[in-house]
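J.: First the structure, then my questions, so here it is.
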Amino acid sequence: MSDDAATQELAALPGDALREGVVQALRDALGDALLDSLIKPNDDVWVRVRTDAWVQAGHVLRDTVGCDYFCFLSGIDWMPSPFGRGEDDPTAPAPERDSTIKQGYAGGDTRMQVFARVTNLSKHFGVTIKADVADDAPAIDSWIPVYAGANWHERECHEMFGIGFNGHPDLRNMYLPTDFEGHPLRKDFPLLARLVKPWPGIVDVEPLPGDDAEEGEAS
Amino acid sequence: MLAVDLPYWAQSLLRVLGGTVAVLLPAGTIVYLFLFKMMSFMQSRLGPMEAGPYGSMQLFAEVGKWLQKEDLAPDGADKRIYRMAPLVVLVSTFLLVAVVPFGPDAYFTNFDAGVFYMLAVSSISTLGILMAGWSSANKYSLLGGLRAAGQLIAYELPMVLAVLGVVIQAGTMNLQQIVVKQNSDSIFGWDGLGNPYILTQFIGFAIFMIAVQAELTQTPFDMPIAESELVSGYMTEYSGFRFLIFFIAEFATAGVFSLIASVLFLGGWGVPFSWFGWDAATGSVDNWMNVAGPIIMITKMMVLSGIIMWVRFSYPRFREDQLQRFAWKVLIPVSLLNIMLTAILKVAF
Amino acid sequence: MTDLADRQKLSYIAAQAADARLNVELETEGMTLNIGPQHPATHGTLRIIVRLDGEQVVWAEPSAGYMHRGYEKLTEVRTFPQVTALVNRIDWLGSFANEVPFILAAEKLMEIEAPPRAQWIRTILFELSRIANVGLFLGDLGVQLGAVTPVFMAFRDREHVLNLIEGATGGRFHPNFDRIGGLKDDLPAGWIAETKQVMKKLRNFCTEMEDLLFGNEIFQSRLRGIGVIPAEVAKQYGLSGANLRASGVDWDLRRDQSLPLAYDKVDWKVWTHPDGDSFARCWIRLQETRESTLIVDQLLDTMPSGPIMAKVPRIIKVPEGEAWVSTENPLGEMGYYVVSKGDLGPFRVKIRSASFNNISIVPWVLRGVYVPDVISILASLYFILGDIDR
């Protein structure tokens, strides 16, 4: 918004001014519960809100910002996988791995986050909203009162990450058997097939059409 | 008029054999010609081609396959009723064909309440379907059976009312007499064609054919089977030869109903008597009609069952409530109107 | 005194109990019907538990997961180029369309763009997979409603499209043709002329379907006014694609976002319908199929020449970052939220598939309908099991 020329250029594409408006609206409504935000020009906007402001942020996004289209809700585990990419030799002792947790856009303080995306269909932009969930008892308020469609997404997120959703009527497993133990999308949940037999195709280089063809054949 | 007098047992044997042929032959022909071939051509494919010339032996292969299969009954089923149900359905078909006249003397029985008997017997199959649906101990079967009961009863009425027009016009309930009447009558004094009732009772004919479609549970009235909703309705649990019996009954009944429709509306086995100078009153119909009659009948039957199958392959299915609405709000009022008109015209002329 | 009070209380309780029993006796018990997982109408293994009162649905709950393959977990142990082989299998009828948003997300993170010719071919194949997918839907719709003939016509004409996809990519169902930075190969000789022929056939197919199915009285009476989803509810549940447009929401990701695809170079129309019922959803799909053939025709005429691959490193490492790309797939909005840590493979991929959201509305929309409508509504919502379960 500061640079006039840049604004002119960006106005052709839907959105960056709108995206700043989103952040502003959230800041107005939530105050310091809006922890962080990131706007990538011509691309997207990420915001992170405090866990207890999750539902309120949803209301603001739906009613004030006009993002009444619910796209998805899911979780993410920022801990690097202790099993790597499953390329280890199962007979050898496991190699040391860096296990520092580094969160993505809009920062974060916890290992796991919940993120969701909502879209404004009339002004053609979307918002990705994130919230931290506590490490010891990962839980957050349910978005069902805001977006009814969050129901299944929260169920999926619950079984895949073990994140609780307060106020969700029915957190049954969706995909897994009822007595399944563990949460498969957590990084510390091993992909057993890979642990038994590491995949040979972890590095594959395919001959590209054009200039690299001879080299591809040679290798 | 037969040249030889047969003993009673031989006559009975002939009748049973004839009845079996009259039921199974049309069924087989309909299945091969329409279900296998016509449907395939309509759907831009060839249908069976391997078994016999143009796949004509396919049906025998299918029957052989079904006969080899194990006769299964679900654990929770009411076994005796479950086993009986297909037979009840098939028996009603055999009973139906008993009153159909194929020629001046080529008939199984000839009695005065033919139409009444035909309508009464045709509803026995409802019983068999209900039995199948209830005894299968399957929710889909139950739903299918109940739908069938509702539908068959609803469409029995327009059928009866449609036939009533014919009965009024012919003045008899004897199917043989109805045929004779159609071929010896005249339309407003012109007797070049006789009076096939399709010309004067065309409303009745249309209603009759629609009701037949529903009675046969063919699309668009196939809710009792409804393979995309109820898996296979009342037939869901059946396999092997019991399914085969249902299958035969379905197409045999289609054939028999087509026969009845051609008797009631298309002049049955006859040709207009005026062409050959026959006199219906003295019964002076030539003997060769006993051979030509069945052929004429089969031809008409094929045309009518062809129409039934054609509709079946081209239409989507009604919903249960739409079907009932159609029966009670359209077909029954129209057929009542038809009866009234027929009666008035009958008295007037 | 206490005696009397106790007795009164007891008699009161007895009267209540008798009442309750009477109520229980009068109230007919509903029936729970399991539609699926093995059922002809769920074309796959979706299970829908419905509670019936007669033929009316009191309550319905889909139960997915019979086909869960854990793609989100599997992507974490694959490299970026390998992921396309997985995501191909999400919506298996329009496989190529699944690859595109993922590749675009990776390209966005790498800040490269495919050359124009590759964009054009991507768009063409994208639309072809839409035609292959929705063409089958149009035929299948007839089967769900009891008309057996249309599905064979759909298979007949879809075959031409599959042949085209096979001709260009080598795979009929799972092309795995899209690469980061472009495409695997250029189009084979004669493909363009052939495609034009096929597009003509498919327009005929659409007209045929319009006459045979959509013009049919029974078909209309089965679908019109059934399963009405208002726009507000549709947005809440995140319905997308034709399901959303049938509720009157003018939203099409092909038009409403700027992606390196060639949609902005052609003249086409986004169809909407105000009714929001089953008929509208089916009708929109039919119109979109025809629109797709027109898009393909125009793209074939304007296709630029040039390379089909941008300069990409031999070993693809995607820079750290997060990207969200979604496209208007045959089933609706299909998106990938890709998180990369600068590694060979993605750190996390959230796959947002259209059918998952489209089916999550089922408990809402099935309440109070009849059993036959359950089937027609499910058919009109149009889901593919792989797209629900991923």
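The values are calculated or read from the model by the stated rules, or taken from the named source; none is laboratory data. Keep in mind the model is a prediction, meaning the values are calculated, not measured. Ideal geometry is used to build each Cβ from the backbone, glycine not excepted, and the neighbour counts take in all protein chains shown.
J.: For region C:146-178, what are the residues that are under 20 Å from the mean Cα position of the chain (by Cα) and part of a loop (DSSP other than H, G, I, E, B)?
T.: Of everything in region C:146-178, those that are under 20 Å from the mean Cα position of the chain (by Cα) and part of a loop (DSSP other than H, G, I, E, B) turn out to be C:Arg172, C:Phe173, C:His174, C:Pro175, C:Asn176.
J.: Now, a different point. Given the conditions (1) surrounded by fewer than 24 Cβ atoms within 10 Å (Cβ to Cβ); (2) in contact (Cβ under 8 Å) with a residue 40 or more places away in the chain; (3) more than 14 Å from chain A (Cβ to nearest Cβ), which single one is not true for C:His273?
T.: (2)
J.: Name the single residue, out of those in region B:319-331 being in contact (Cβ under 8 Å) with a residue 12 or more places away in the chain and within 14 Å of another protein chain (Cβ to nearest Cβ), that is surrounded by the fewest Cβ atoms within 10 Å (Cβ to Cβ).
T.: Among those residues, the one meeting the criterion is B:Gln324.
J.: So, B:Val334, is that one more than 14 Å from chain C (Cβ to nearest Cβ), in contact (Cβ under 8 Å) with a residue 12 or more places away in the chain and out of contact with any Ser or Thr (no Cβ under 6 Å at 6 or more places or on another chain) or not?
T.: Yes; evaluated as a whole, the condition is true for this residue.
J.: Now, a different point. Working only within region A:49-77, note down all residues that are more than 24 Å from C:Asn357 (Cα to Cα) and not polar (S, T, N, Q).
T.: A:Val49, A:Arg50, A:Asp52, A:Ala53
J.: Also, quick follow-up: Can you work out which of the residues in region A:41-85 that are within 11 Å of another protein chain (Cβ to nearest Cβ) and without any contact (Cβ under 8 Å) to a residue 24 or more places away in the chain is farthest from the chain's Cα centre (by Cα)?
T.: Checking each candidate, the answer is A:Gly84.
J.: Give the residues of region C:178-189 that are crowded, with 20+ Cβ neighbours inside 10 Å and in contact with a Gly (Cβ under 7 Å, 6 or more places away or on another chain), sorted by residue number.
T.: Once the filter is applied, which keeps residues that are crowded, with 20+ Cβ neighbours inside 10 Å and in contact with a Gly (Cβ under 7 Å, 6 or more places away or on another chain), region C:178-189 yields nothing.
J.: Separate question: Based on this model, can you work out whether A:Gly210 counts as part of a loop (DSSP other than H, G, I, E, B), more than 8 Å from chain C (Cβ to nearest Cβ) and at pLDDT below 85?
T.: Here the answer is no, as A:Gly210 does not meet what is asked.
J.: Among the residues that make up region B:189-200, is at least one of them in contact with a helix residue (DSSP H, G or I) (Cβ under 6 Å, 6 or more places away or on another chain), charged (D, E, K, R) and more than 27 Å from B:Arg83 (Cβ to Cβ)?
T.: yes
J.: From the list C:Gly225, C:Gly215, which residue is more than 11 Å from every other protein chain (Cβ to nearest Cβ), closer than 30 Å to B:Glu227 by Cα, touching a residue at least 40 places away in the same chain (Cβ under 8 Å) and of a type in the set (Gly, Ala, Ser)?
T.: C:Gly225
J.: Here's another thing I want to ask about it. Can you name the residue in region C:46-65 that is surrounded by fewer than 17 Cβ atoms within 10 Å (Cβ to Cβ) and of a type outside the set (Gly, Ala, Ser) and is also nearest to the chain's Cα centre (by Cα) among such residues?
T.: It comes out as C:Glu61.
J.: Please indicate, with yes or no, whether at least one residue in region B:43-50 is part of a helix (DSSP H, G or I) and without any contact (Cβ under 8 Å) to a residue 40 or more places away in the chain.
T.: Scanning region B:43-50 turns up no residue that is part of a helix (DSSP H, G or I) and without any contact (Cβ under 8 Å) to a residue 40 or more places away in the chain.
J.: Continuing with this model, one more query. Only one residue in B:Leu216, B:Leu230 is among the aliphatic types (A, V, I, L, M), touching a residue at least 12 places away in the same chain (Cβ under 8 Å) and away from chain C (no Cβ under 14 Å). Which one?
T.: B:Leu216
J.: Taking region C:228-251, which residues are free of Cβ contacts under 8 Å to residues at least 60 places away in the same chain, within 14 Å of chain A (Cβ to nearest Cβ), farther than 14 Å from A:Asp68 by Cα and within 17 Å of the chain's Cα centre (by Cα)?
T.: Hits for region C:228-251 are C:Arg245, C:Ser247.
J.: A:Thr100 versus (1) within 11 Å of another protein chain (Cβ to nearest Cβ); (2) part of a loop (DSSP other than H, G, I, E, B); (3) of a type in the set (Ser, Thr, Tyr): which is the lone unmet condition?
T.: (1)
J.: Considering only residues that are assigned to a helix (DSSP H, G or I) and out of contact with any Ser or Thr (no Cβ under 9 Å at 6 or more places or on another chain), look in region A:137-196 and name the one that is nearest to the other protein chains (Cβ to nearest Cβ).
T.: So, considering only residues that are assigned to a helix (DSSP H, G or I) and out of contact with any Ser or Thr (no Cβ under 9 Å at 6 or more places or on another chain), the one nearest to the other protein chains (Cβ to nearest Cβ) is A:Arg194.
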